[in-house]
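Taking it in order: structure first as structure tokens, then the write-up.
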Amino acid sequence: MTFPVVDGHNDLAWELRERFGSDPARAGLAAGQPALHTDVPRLRAGGVGAQFWSVYVPSHWDPAAAAVAVFEQVDLVRRLVATHPDVFRWTPTAADVRTAVAEGRIASLPGAEGGHAIAGSLAVLRELRRAGLAYLTLTHNDNTPWAASATGVPVEHGLTAFGRDVVREMNRTGVLVDLSHVHERTMHDALDVTTRPVLFSHSSARAVTDHPRNVPDGVLERLPGNGGVLMVTFVPAFVNRACADHRAAATAERRRRGLAGDPYDPAGFGDWLAANPRPRATLADVADHLDHAREVVGVEHLGLGGDYDGTDELPVGLEDVSAYPRLLAELTGRGWSGSDLAALAGGNALRVLEEAQDGTSVD
């Protein structure tokens, strides 16, 4: 593996909370943990040099509870690092990331998935930055009072006046503005306000797969002027039309039957799943998104955000965090150069992090 990977989004911390009682030592990551997409041997095999760890909290939680939980998740990532100090390094700054990579350790940065976690408070945002927060995704699956989500209840705005203040404070304090999960209007509003490069931590190209979680070309075309980066994700419904259609059909049928929960939960739904086999996305689908995005914005504005341990299924060939070399090999076969791959794998993400933090202060 020639190019150390800087991945934009991994949900290991939530899996540690749910499966292992927020105890990293119980997860057995050093020996390998087949119940997860992520463990130490596979991170090493995948050539991961830096990871933005999602400090996710469900967006339907009460804001006060979400604010507490997001700090618990930041603490969990710190304890993950402390449990494996030979593997991980806590890296709240871009300079720390470069040091970790030089040492052969995996740089570790928390990113909060959803603006609901600041509970409408700029003070909470500042304290999260003091705690090491690298990025804030402005929404998750639901709207916040100040920002519209791509999948939330339809509203007529993108960012409110307070939402614009949140972006300005993120710029001032060095928190990356993450526009994954947000509505197209929110994307444009944030790009209008921000004075720093933005990040899409785990989204793909809407022109290739028409899904609201993906980024339209009209937004991508603004990234060169902003300096930001689209970190293409591997979620099957975001990269493959058949997978997106099947998931939508399963959701609709569950709703018709009065069933809630995950669309692929077999409880009370096994007959439909047996009669309608789930299609599979492939590594080539992800490469198609990268090829398209490179045509629109150039390789300087692309990265990788796998969403490992945040999705129930992954494309064939990209089943876990060991798979990045296979994707880079596919791109090599499609004519991507060594310098292209170095920029995609990590160089662009590190540049954006440096530019987001340069000259900032949380005081």
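The values are calculated or read from the model by the stated rules, or taken from the named source; none is laboratory data. Only a predicted model underlies this, so the values are computations on that prediction, with no experimental measurement involved. Virtual Cβ from ideal backbone geometry, glycine too; neighbours counted across all protein chains shown. Quick note on the areas: whole protein, heavy atoms, side chains included, nothing else; ligands and nucleic acids left out. Shrake-Rupley method; radii C 1.70, N 1.55, O 1.52, S 1.80 Å.
Descriptive notes on the structure:
- In the range 1-32, of all residues being polar (S, T, N, Q) and surrounded by fewer than 22 Cβ atoms within 10 Å (Cβ to Cβ), the one that is nearest to Ala131 (Cα to Cα) corresponds to Ser22.
- Subset of the range 176-201 (residues that are touching a strand residue (DSSP E or B) at 6+ places or on another chain (Cβ under 7 Å) and among the acidic types (Asp, Glu)): Asp178, Asp189
- Search result, residues across the range 203-230 that are more than 23 Å from Thr282 (Cβ to Cβ) and in a loop (DSSP other than H, G, I, E, B): Pro216, Glu221, Arg222, Gly227, Gly228
A quick yes/no check of all residues on (1) over 30 Å from Arg44 (Cα atoms); (2) open to solvent by less than 10 Å² (accessible area, probe 1.4 Å); (3) modelled with pLDDT under 95; (4) not assigned by the TED database to the domain that holds Ser204:
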{"position": "Val68", "(1), (2), (3), (4)": "yes, no, no, no"}
{"position": "Arg78", "(1), (2), (3), (4)": "no, no, no, no"}
{"position": "His84", "(1), (2), (3), (4)": "no, no, no, no"}
{"position": "Ala117", "(1), (2), (3), (4)": "yes, yes, no, no"}
{"position": "Ser121", "(1), (2), (3), (4)": "yes, no, no, no"}
{"position": "Tyr135", "(1), (2), (3), (4)": "no, yes, no, no"}
{"position": "Leu138", "(1), (2), (3), (4)": "yes, yes, no, no"}
{"position": "Gly174", "(1), (2), (3), (4)": "no, yes, no, no"}
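- Selection count where residues are without any contact (Cβ under 8 Å) to a residue 60 or more places away in the chain and in a helix (DSSP H, G or I), scope the range 1-40: 8
- Ala94 of a type in the set (A, V, I, L, M), touching a residue at least 24 places away in the same chain (Cβ under 8 Å) and in the same structural domain as Asp309 (by the TED database): yes
- Candidates Gly335, Gly261 - the one that is outside the structural domain of Pro236 (by the TED database), open to solvent by 40 Å² or more (accessible area, probe 1.4 Å) and in a loop (DSSP other than H, G, I, E, B): Gly261
- Of all the residues in the range 90-108, those that are aromatic (Phe, Trp, Tyr) and part of a helix (DSSP H, G or I) number 0.
- Unique residue being in a helix (DSSP H, G or I), at negative phi and assigned by the TED database to the domain that holds Leu109 when the list is Leu273, Leu327, Leu318: Leu327
- Residue satisfying all of: in the range 164-202; assigned to a loop (DSSP other than H, G, I, E, B) and without any contact (Cβ under 8 Å) to a residue 60 or more places away in the chain; farthest from Arg129 (Cα to Cα) among these: His183
- Unique match (being over 30 Å from Ala30 (Cα atoms) and without any contact (Cβ under 8 Å) to a residue 60 or more places away in the chain) among Ala147, Ala82, Ala100: Ala147
- Filtered by the rule that a residue be in contact (Cβ under 8 Å) with a residue 60 or more places away in the chain and open to solvent by 10 Å² or more (accessible area, probe 1.4 Å), the range 286-306 gives Asp288, His292, Val296, Val297, Gly298, Glu300, His301.
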